[in-house]
Every structure is written in C-alpha cells, then in structure tokens.
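As structure tokens, the structure follows; a few thoughts come after it.
The values are calculated or read from the model by the stated rules, or taken from the named source; none is laboratory data. For clarity, every value in this text was computed on a predicted model and none was experimentally measured. Please note: Cβ atoms are built from the backbone with ideal geometry, for glycine as well, and neighbour counts cover all protein chains shown.
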Amino acid sequence: MTAEVLDIQDLDGVGPVTANKLREAGYDSISSLAIAPIRELVEKAGLETSVAHKISKAARETIQTDFVTAKQLWERRKTLLRLSFGSSNLNTLLGGGLETQAITEFVGEFGAGKSQISMKLSIQTQLSAAEGGLEGKVLFIDTEGTFAAQRVFQMAQASGQDADKILDGIIYSRVYNSDHQILTVDHAFKICKEENIKLLVVDSILSHFRGEYIGRESLSERQQRLNSHLHKLLRIAQALNLAVVVTNQVQANPQAFFGDPMRPAGGNIMAHASTHRIMLKKSSQGLRVAKVIDSPYLPESETYFRITEKGVEDAVPRNKRDE
Ligand SMILES: Nc1ncnc2c1ncn2[C@@H]1O[C@H](COP(=O)(O)OP(=O)(O)O)[C@@H](O)[C@H]1O
Ligand SMILES: [Mg+2]
C-alpha cells in the first residue's frame with residue numbers, strides 16, 4: 001500500500017507546521033488521517049474545517065478506501081483471523097474463536113469473569129497460529145485497576161508457557177478518567193501498528209463515563225463521546241486486522257416484565273458499536289455461563305466454562321453430563 005511508504009507531509013495541504021499539529025494530536029500516518037472524522041481533525045489538531053476536509057480527502061485517495069463492492073467485503077472477511085480462548089466451548093460459541101476486525105463485548109455483573117477472560121485472551125494472542133494464537137502483542141487498557149500481572153503469570157505458567165515472555169508481550173496502560181481513556185485510544189493506532197498488536201482490550205469501557213456523567217442533561221454529551229470512542233476502536237480493528245475486546249457492566253432495566261431484569265449498560269450506542277455481545281453469569285457448582293445476546297451472524301446460544309489456575313476451561317454442568 002502506497003500510504004505505508006508515504007509520510008503525512010507528502011499529502012497535499014500538509015506543510016511542516018500542519019504535520020506537527022497532526023503528529024501532536026496522534027495522527028502520524030496517512031491511514032490514521034484517512035479514518036479520522038473531519039470534526040476530530042478540527043478539534044484535536046486545531047485545523048480549519050476546509051483544511052481538514054482537504055487533508056482527509058487526500059489521505060483517503062491515497063489509500064483508496066471510499067467505495068468497496070460486496071465482493072471486496074467478502075475478500076476482506078477472508079483475511080479475518082480467529083483467536084482461540086483455550087476453551088473449545090467458548091470457541092464454538094463465538095463461531096470458531098474471537099474475531100479480528102470486530103469489537104467483542106463481554107457483559108456481566110461484578111465477578112462474572114470479564115477480566116479473567118481478558119487476561120486469558122492476552123496470553124492466547126501471543127501463541128503461534130498452530131496453537132490458536134495470533135502471534136502478536138496485546139494492548140491492555142485498564143480503567144479499574146484490576147489487571148493482575150501475577151494472575152497472568154500464574155495462567156501462563158500453569159499452561160506451560162514462558163510466563164516472562166508473555167508478560168513482556170502485554171503493553172499495559174492504566175487510565176484514570178474518560179478524557180485519558182479517549183486520548184489513549186486516539187494514540188493507539190501508532191503503537192498497535194509498530195508493536196504488531198493483535199488484541200486491544202478496554203476493561204472496562206464505561207466505568208469512567210458512567211461515573212463522570214451523572215444526570216439526564218449530560219447523558220447525550222456522554223453518549224456522543226462514547227460513540228466516537230467506540231468507532232475509533234472499530235476502525236483500528238479493521239485497519240490493522242486486530243481483535244478488540246471491551247468489557248461492560250450490567251444495569252437494572254426497570255421496564256423488564258419478562259426475562260432478564262439486568263441489561264448491558266451504555267444503551268443503544270453501546271449496543272450498535274459492539275459486533276458481538278456475550279453475557280457472562282455465575283452459575284451453580286462454581287460454573288459460569290456465557291451467552292450470545294446480540295450478533296449479526298452468531299446464533300443465540302449459550303455454553304459453560306470454569307475459571308481455573310490456567311485461566312478459562314471448558315465445563316459441563318452435572319445435569320448435562322452423559323447426555
Ligand atoms: N486463580 C484463580 N483460580 C480460580 N478462580 C479464580 C482465580 N482468580 C480469580 N478467580 C475467579 O474470578 C473471579 C473474578 O472474575 P473477574 O474476571 O475479575 O470478574 P469481573 O467480571 O468483575 O471482571 C473471582 O471471583 C474468582 O471466582
Ligand atoms: Mg473486572
């Protein structure tokens with residue numbers, strides 16, 4: 001791709017001053033400019049709208065991504081990679097493993113296993129393709145301070161992997177508020193590309209947003225910022241063929257007369273941005289249930305797993321054994 005060998009300064013309308021502004025705002029490649037919304041180029045790099053339009057157009061022309069046929073979409077889908085969970089139950093539930101070029105959301109109450117799955121996937125990503133891995137590194141964005149290096153070490157060691165090497169392959173960022181979180185993702189494209197990141201985790205996606213925006217008046221502003229944040233994540237996933245995992249909490253749904261009174265937080269914005277949504281629940285006998293609650297092509301099925309020393313493993317509930 002020509003865009004990879006060109007510098008942003010080679011684009012029409014980008015002189016040294018503008019190039020500096022763009023780099024400082026985190027846009028350091030032509031592809032990062034091509035996928036950025038105009039409004040963002042204006043706000044973050046302080047460009048005139050007309051200049052932003054011109055640069056965006058030049059960047060998109062360079063990588064020629066504007067129109068694609070369904071055939072091209074299908075071709076792109078064929079490049080999609082799948083990451084093994086290290087549990088065949090979870091792999092089957094997700095249609096053969098966690099997909100790249102998509103956002104997979106794990107939803108559940110406190111202790112459901114969202115962070116454990118995220119940490120396990122951070123190990124799996126680094127394995128060879130023969131072992132179901134993606135042979136890449138991980139960018140782990142932690143908003144709650146619950147990432148535990150010692151737990152990753154334990155999982156890797158118990159699974160017979162080189163635990164020190166695994167820890168070296170996880171690039172960790174603790175973020176302290178929603179601005180910090182947004183900024184971190186704005187700058188993630190470069191590091192993802194340079195470090196061959198194949199899994200980007202945000203654990204959890206909404207905690208800062210929910211804590212900072214209280215009351216109805218601020219809700220639409222919150223949703224707008226969240227929307228742009230999520231789309232940035234999706235564009236990184238698609239542009240770099242990597243997997244994105246976000247975790248989310250549940251909240252009570254006062255309108256639920258039937259079915260589950262708990263639903264994922266974040267409303268429609270969250271629902272639309274996630275490609276696949278998986279609900280995790282604690283079950284009896286120390287088991288956990290994972291259920292597909294929303295996906296464009298996965299059936300609404302469920303499966304069982306267990307959290308163990310190794311991370312996550314298949315489980316069968318007692319009443320379903322020997323069926
Ligand atoms: N080494 C371990 N062996 C078995 N289970 C563990 C281990 N470490 C954590 N767990 C289980 O994982 C649970 C926490 O899951 P976690 O992923 O942190 O939840 P959350 O969904 O809130 O992120 C604990 O309650 C415990 O049951
Ligand atoms: Mg957690």
Hits in the range 217-261 (condition: within 16 Å of ligand 2 (Cβ to nearest atom) and over 30 Å from ARG60 (Cβ atoms)):
THR247, ASN248, GLN249, VAL250, GLN251
Given the conditions (1) surrounded by 17 or more Cβ atoms within 10 Å (Cβ to Cβ); (2) modelled with pLDDT of 90 or more; (3) outside the structural domain of VAL289 (by TED's automatic domain parsing), which single one is not true for HIS53?
(1)
When the range 152-188 is examined, which residues are found to be in contact with a Phe, Trp or Tyr (Cβ under 9 Å, 6 or more places away or on another chain), surrounded by 14 or more Cβ atoms within 10 Å (Cβ to Cβ) and more than 19 Å from GLN126 (Cα to Cα)?
SER178, GLN181, ASP186
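Scan the range 68-82 and give yes if some residue there is under 25 Å from the mean Cα position of the chain (by Cα) and β-branched (Val, Ile, Thr), otherwise no.
The initial filter retains those residues of the range 68-82 that are under 25 Å from the mean Cα position of the chain (by Cα), namely 68, 70, 72-82.
Among the residues that remain, those that are also β-branched (Val, Ile, Thr) are: 68, 79.
Yes, the range 68-82 contains a residue that is under 25 Å from the mean Cα position of the chain (by Cα) and β-branched (Val, Ile, Thr).
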Quickly run through the range 87-124 and pick out the residues that are within 12 Å of ligand 1 (Cβ to nearest atom), surrounded by fewer than 22 Cβ atoms within 10 Å (Cβ to Cβ) and more than 17 Å from the chain's Cα centre (by Cα).
GLU109, PHE110, GLY111
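Taking the conditions exactly as written (within 18 Å of PHE305 (Cβ to Cβ) and without any contact (Cβ under 8 Å) to a residue 40 or more places away in the chain), does ARG151 satisfy them or not?
Numbers: within 18 Å of PHE305 (Cβ to Cβ): yes; without any contact (Cβ under 8 Å) to a residue 40 or more places away in the chain: yes.
Yes, satisfied.
So which residues in the range 284-302 are surrounded by 14 or more Cβ atoms within 10 Å (Cβ to Cβ) and closer than 14 Å to GLY113 by Cα, if there are any at all? Walk me through how you get there before you give the answer.
Taking the range 284-302 and keeping what is surrounded by 14 or more Cβ atoms within 10 Å (Cβ to Cβ), we get 287-295, 298, 302.
Matches in the range 284-302: LEU287, ARG288, VAL289, ALA290, LYS291.
Residue by residue, here is whether (1) of a type in the set (A, V, I, L, M, F, W, C); (2) surrounded by 13 or more Cβ atoms within 10 Å (Cβ to Cβ) holds:
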residue	(1), (2)
ILE8	yes, yes
ALA19	yes, yes
SER29	no, yes
ARG39	no, no
Can you name the number of the only condition in (1) within 15 Å of ligand 1 (Cβ to nearest atom); (2) of a type outside the set (Phe, Trp, Tyr); (3) outside any strand (DSSP E or B); (4) buried (at least 19 other Cβ atoms within 10 Å of the Cβ) that ILE141 fails?
(3)
Pairs under 9 Å by beta carbon, first residue more than 16 Å from GLY145 (Cβ to Cβ) in the range 98-118, partner within 6 Å of ligand 1 (Cβ to nearest atom), six or more apart or different chains?
PHE106/ALA112; PHE106/GLY113; PHE106/LYS114; VAL107/LYS114; GLY108/LYS114; GLY113/ILE307; ILE117/ILE307
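Every residue in the range 304-323 that is outside any helix (DSSP H, G or I) and of a type in the set (D, E, K, R), please.
Listed by number, the residues that qualify are ARG306, GLU309, LYS310, GLU313, ASP314, ARG321, ASP322, GLU323.
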